[in-house]
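The values are calculated or read from the model by the stated rules, or taken from the named source; none is laboratory data. Model, not experiment: these values are computed from the prediction. Cβ sites come from the backbone with ideal geometry, for glycine too, and all protein chains shown count toward neighbours. Ligands, DNA and RNA are stripped out before the accessible areas are found, and what is left, the full protein with its side chains, is counted by its heavy atoms. Shrake-Rupley method; radii C 1.70, N 1.55, O 1.52, S 1.80 Å.
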Amino acid sequence: MVVEIPRHSHAKMEINKKELFNPISQDVKKEKLRYINNIYPYYGYIWNYGAFPQTYDDPDHVDQTTGCIGDNDPLDVIELGTEKQNRGAVIQVKVLGALGLIDEGEADWKVLTVDIKDKLAAELNDIADVESKLPGLLECTRDWFKHYKIPSGKPANNFAQGGRFFDRDFSLQIIHKSYTAWSKLVEQNENKKKISLANSCLNNSNTLNDEMAREKLENIFMNLKKSESKSEKNMSELEKIYYIDRSKY
């Protein structure tokens, strides 16, 4: 797992598919950096959040369980452990289950995991263990994903099979499917989604040697120094709490 967003933070960071070597960067909407609002009783993201590298949810494929196309992103991962992870950390996790989020008509699977080094790891082996050892966390997870976009004017999200949490075996199938889609994607010379497939280790047509990679990255850094920063959200806004009338959704 690559950690994009540490627990209790607000900046919507993600693997940037269009930039060279796919760095983690902050999502931008309408020329403004994107942040997550606090919906009562939560503060920011309620777990460590990130993605599995070498996975891809194909928008040209209809997911059978959700009935929706893929969201054109790597497979999302939630890490439930007791420690707050660092952005950019690469951690080995144990797969526990999955939630089939439907986000604006697209399949957006969330795989639940725990860091194998966390003190909870020995007790958590499947989704049933999460409910018994961490009571209430699954319900909070479903509630957060359903309502977190409402303060920004978006509708409530929906879920596959009424918000069921799927078990470890099913989740491993989701991961395998996303890995297979990624394997096909990276063999393309170009793609209609304009995803940067440049890499330094796959030994395919998109692989750059060290010298080429260094030169391209140096040019990017030079351009970043010259670019204007996008407008920031007022930091005091991040402390606001939004109360959601859940009876409406």
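What to note about this one:
- Per residue solvent-accessible surface (Å²) - the chain, probe of 1.4 Å: 55 Å²
- For segment 148-249, size of Cβ-based charge dipole, Lys and Arg +1, Asp and Glu -1, in debye: 540 debye
- Positive-end residue, segment 1-150 charge dipole about Cα centroid, Cβ charges, pick of 48, 102, 113: 48
- Sorting 117-123, 218-224, 97-103, 43-49 by average packing, meaning the other beta carbons within 10 Å per residue, from highest down gives 97-103, 43-49, 117-123, 218-224.
- Rounded to the nearest 20 debye, dipole of segment 69-122 from Cβ charges on Lys, Arg, Asp, Glu: 480 debye
- Relative intensity of segment 17-133 on a log10 scale, I(q)/I(0) at q = 0.22 Å⁻¹, equals -1.44, per a Debye sum over C-alpha point scatterers of equal strength in the absence of solvent.
- C-alpha long axis of helix 168-185 to longest principal axis of the chain, angle in °: 20 degrees
- Over segment 1-76 - Rg/Rh using Cα atoms and the Kirkwood inverse-distance radius: 1.00
- For the chain, the fraction of alpha-carbon pairs in successive 5 Å shells from zero, as %: 1, 6, 12, 16, 19, 18, 14, 9, 5, 2, 0, 0
- Farthest positive-ward along the chain dipole, Cα basis, beta-carbon charges - from 6, 125, 206: 6
- Calculated translational diffusion coefficient of segment 83-146 (20 °C, 1.002 mPa s; Stokes-Einstein with Kirkwood radius over alpha-carbon pairs) equals 165 µm²/s.
- Share of carbon and sulfur in the accessible heavy-atom surface of the chain [1.4 Å probe, %]: 48 percent
- From helices alone, the chain scores -7000 deg cm²/dmol at 222 nm; the rule is -39500 (n - 2.57) for each run of n ≥ 4 DSSP H residues, then divide by the residue total.
- DSSP assigns beta bridges within the chain; of those with both partners inside it, close to 75 percent run antiparallel.
- Contact order, relative form, for segment 100-247: 18 percent (alpha carbon pairs under 8 Å, 6 or more residues apart, mean separation divided by residue count).
- Nearest 10 degrees, 0 to 90: helix 137-147 Cα axis against the chain principal axis: 70 degrees
- Centroid-to-centroid separation of segment 23-58 and segment 163-202 [C-alpha atoms, Å]: 19 Å
- Dividing the convex hull volume of the alpha carbon atoms of segment 42-94 by its residue count gives 127 Å³ per residue.
- Shape of segment 141-249, Cα gyration tensor, a/c cut at 1.5: oblate
- Size of charge dipole - the chain - debye, nearest 20, with Cβ of Lys, Arg +1 and Asp, Glu -1, no other charges: 700 debye
- Computed extension length for residue 237-residue 223: 2.0 nm, one decimal, from 0.36 nm per residue of separation with the Cα-Cα distance subtracted.
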